[in-house]
Amino acid sequence: MCRNHHPHGSSHVFYNCAACSSASDSWKPELTDCMMQHLVFYFTSAVLWLTFCRHCGAETSSTSLVDIYRPYLTHLPNDPASFNPFLGGQNFRICCQLAVNESLAIENDTLVIRPGQTFYRGDIAVLERFPQFPCVATFNGTMEGPPQDFWTPYSWCRRRCPGWSLAKPDNFSSWLKPLSAFILPSLIFCLSIPRRRRIHIPRTLFAKPKSLVGALFFLLKIPAASAIVSVEILVWLSVVFAISGPILVSTVYEALLDAATLKFLQQRIGSNSLSVRIRAHALLVVLLGNLDFGPAWHHAMLRVRALSQEPILARLSAVTTPVASSTSPSSLKTSFPGVLPATVPIPSPQGGVSSAAANDGNPPELLSIKSKLQAMLDSQNSFGTAVGVPVLFYVAAFSWSVYEIESSYGSFSSAHQLAFGLIWMIIPHIALVTSFLLAGSNPNVCQGIVPQEGQLAIDDNHSGAASSTLLVRQQHQTGGGGETGSCLKRVLSDGVRAVWREPSYKLSPYKAAWVWNRGTNKAMWIARLADEYHLNSIHDEILQHRFGSILWMSGLLAFVLIFIPVFFGALVSYTTPQVGFSCRSLTMLLYGMIQLVLILLSLADMVIWRRGADGRVIHEPDMVQKSDTVGGYVWYSAFTVSVLISVFTSLGGTVFMMIGLYSNCLCFIQARYWLVALSDPNALVFWNGATDAQLYYSMTWWFPAGVVAATFMVLVAYLGWWYQQHLRARFHDLVSGIDLLNENHLKESAGIGSDELRSF
C-alpha cells in the first residue's frame, strides 16, 4: 500500500492510487487493495452525507408550534360526546383534536410526531409553514393552504366518535345565515303561490272579549292563531316543495296555452272567420280557465249570449246582393237586421276596420264585454308588483351571501349552506311562473262577468237547477255520492278537505283550481269552447294531439327550472372535500330525480287519462276515468311514494343540514365506501380545515355556482316579465279589435269593393 504525506507536513493520510501505480507496476496486489479502500471511503462518506441531509429535511419536532398546539392537545377527554351522541351530543371538534393527538404530542415543550403514527402524512416543516391548529384553521387571505394530511380510518371515527353533532344555538352561522339568507325569503315567495283552500282558523280566536276572564283568554288566542297560521304556512311549503315539478308543468302548460289561444284568435280575426261571440268567449276562457266549470262556464255563456254567433265574413257575404241593388242606408239596415249603419269606419289598433257591421246589434253589450275584459285583466297585480321587486331583494341578499364565500374560502359549512340555498331557489322560480299567467289567482276579480241572472242565483245561495247540477258534479268529482270513485282517492280528498276546508276566497262564487291542476283545467275550458262552437281547428292548433309540442315543451321547461338549482347545489356539495357523492349531494340529487319522476307522471296523466280515444282533450271532468283502472292505482301509488321522498329530501334535508344531522362519520366519507366502510382501508376521514383542496374548489366551483344560479333567477324574472307584458299587449289588442274587420281579406274573400265596405 502506498502512503503519501500532506505537502505541509501534516500527518493527514490520503490515498493516491495513481502514485502507487506509477511507483511500480509490479505491485499489482497492493494496487488492488488501494483501490478497494478508496471506494469504501467514498461510499461511507456518501452514506453519512445522505443520512445528514435526510435528518435535516424531515424534522420530527418543533418548539415554535408549542404555544399554538398546547391548548388543543392537553386535557383531552377520553369521550368527546357531551351527552348521548345518537341524540346529537357528539362533539367533532374534540374528535378532530383526538385525531391530531394520535399523531402529534408535546414533550418537554416540544411538538413532536409520534413514532409509528399513521394518521399524519406530512412533516413538521409543513406544520411550521402553516402555523394554525388543523381543526380550527381558517382562510388566511391567500389561496395557499395546508394539504389534507390528517386522515383516520372510518373504523376509528365510528369507534371514537359515534353519533352526530347537534348544531349549537349560539353558533349563529350554522342556522341563522341559511334561515335569513335563503329560507325566509323563499318562504315569502311561497305565500304568493295561489292555493285553493286554507286551514280553517276559528272565528272565536278573533272575537272581542266581553269580560275580564275573556280578556285573559284573549292573550292565549293570539299565540293560538299564530300557531295555526304557522302550521298552514309549513304545510303549504311542504306541498309546494314536494310537487314543484307538477306545479311547474301545469303553470308552464297554461302559459303556453294562453299564447296559443291568442295566436289563434289573431289569425282568425285576420281572416274574419270568427263571430264576435266566439272571440269574446275565447278571451273569457283565457281569463277564467283556472276556475271550476260551475258556475263560471255558465256565467260566461250568459255574458256572451247577446253577441252575434254568425261569422262576420258570412254575414257580409249575405248582404253583398242587397248592397249591389241598393246603396241606401235604409236598405242596408233592413238587409242586415240589428246592424247600425255607419258612414265612417272606426279605426282599429290592429290596422283593420271596426264597423257596425261587425257588431251584434247591441252596441252597449259589445262595449260592456270590452270593458269587462279590459277591467278583469287590469285589476290583477302586475308581474313587477307581485314578484318582480321581491326578486330583486332576494337576489341582492343571495348575492351578498355568495360574496361572503370569498371571505371564508375553504369553509365546508358555508359551502353546504350555499348548496341547500340553491335548492330553495326553486320556490321563487315557481312564484315567478305563477305570476306571469293571464288568469289571476283571485276569483273575486271575475265577479265582473256575472250577469244579472247569475247574480240572482248567487244571492239565493246557488239555489235552483244550476246550483243543484253544480253540487252533484262536485260530489261526483270528490267521490261523495258516487259508486265509481276510488277508495284511495276519496280518503285522500276527504283528508285534505278536513284540514283545508276553508276556501281561500270563501265569499266568491268561483273556486280556483289547485295550482298543479291549472294547466289541465285550462285545457278543459279550451276543449269545451271548441266543442261548444264546433271548432275542430282549436283541437288541432291549440290543444294539439297527445304528443304535441306544447305539452312536451311544458315538461322540458319545468325540468330546466328545477334542474339548474339542483345541479349547482349538488355540484357545490359534491366538490366539497372529500370530493364525491355523500349525504348532502345525494340528498339533492335524489330530490332532482324524484321531481323528474313527478314531471313524467304529470305528463302521463295529461297524455293518457286527460284525453279521449281520439287523442283530444276531454272537456268534462266526470269523463276522466283514472281512479278505477289498474294504471290509475299504479299512478297514484307512484305519485304518493314520490311525494313522500320529495318532502324528505327537500325540507328534511334542509332541517338535517341546519341541526347538524349530517355531521357524522358516515357522511364524512364517500358514498361508494358505505357498504364496505369497516373493511376498506380507503374509507378515510380527513380532519383539517382550510386545506389547499378546499380553497381550490371554493374558488373554482362554489362561488361561480352561486353567481350562475343568481344570474339564472334574474333571467327567469326578466323573461317572465317580458312574456306577461307581451301577452297582455296582445290581449288588449284583441279586446279592442273584438269586432275588427280585415278590409283586405274582405275584398278578396267576399268580393266587396272599397266603396261598398265604407257604406257599412
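Taken together, the values in this text are just the output of simple stated rules run on the coordinates, not laboratory data. From a predicted model like this one, the values you see are computed outputs, not experimental measurements. Cβ sites come from the backbone with ideal geometry, for glycine too, and all protein chains shown count toward neighbours.
Counting beta carbons within 10 Å around each of W552, W236 and listing the fewest first gives the order W552, W236.
A simple count of charges around N171, restricted to other residues whose Cβ falls under 15 Å of its Cβ and scoring Lys, Arg +1 and Asp, Glu -1, yields +2. Taking each of K263/K522; K372/K511; K168/K221; K177/K221 in turn, the alpha-carbon distance tops 26 angstrom for K168/K221; K177/K221. Each of W400, W525 was scored by other Cβ atoms within 10 Å of its Cβ. Listed from fewest to most, they are W400, W525. For region 639-711, rounded, prolate or oblate, judged on the Cα gyration tensor with a ≥ b ≥ c (square roots of eigenvalues), a/c < 1.5 rounded, else prolate if a/b > b/c? Because a/c hits 1.5 or more and a/b fails to exceed b/c, region 639-711 counts as oblate. Can you tell me the FRET efficiency between A227 and T110 if r is taken as the Cβ-Cβ distance and R0 is 51 Å, rounded to the nearest 0.05? Computed FRET efficiency for A227 and T110 comes out at 0.25.
Taken along the Cα-to-beta-carbon direction at a fixed 7 Å, the label points for I608 and S180 span 4.9 nm. Note on L205 and T385: with the Förster distance fixed at 25 Å, the Cβ-Cβ geometry gives a FRET efficiency of about 0.20.
Computed over the alpha-carbon atoms, region 61-160 gives an Rg to Rh ratio of 0.97, Rh here being the Kirkwood radius from the mean inverse distance. Counting neighbouring beta carbons within 10 Å and listing from fewest to most, the residues I269, I68 come out as I68, I269.
Let a ≥ b ≥ c be the square roots of the eigenvalues of the Cα gyration tensor of region 597-636; is it rounded (a/c under 1.5), or, if not, prolate (a/b larger than b/c) or oblate? Oblate, since a/c reaches 1.5 and b/c is not below a/b.
Mean sequence separation of contacting Cα pairs (under 8 Å, at least six apart), scaled by the length of region 525-620, corresponds to a relative contact order of 36 percent.
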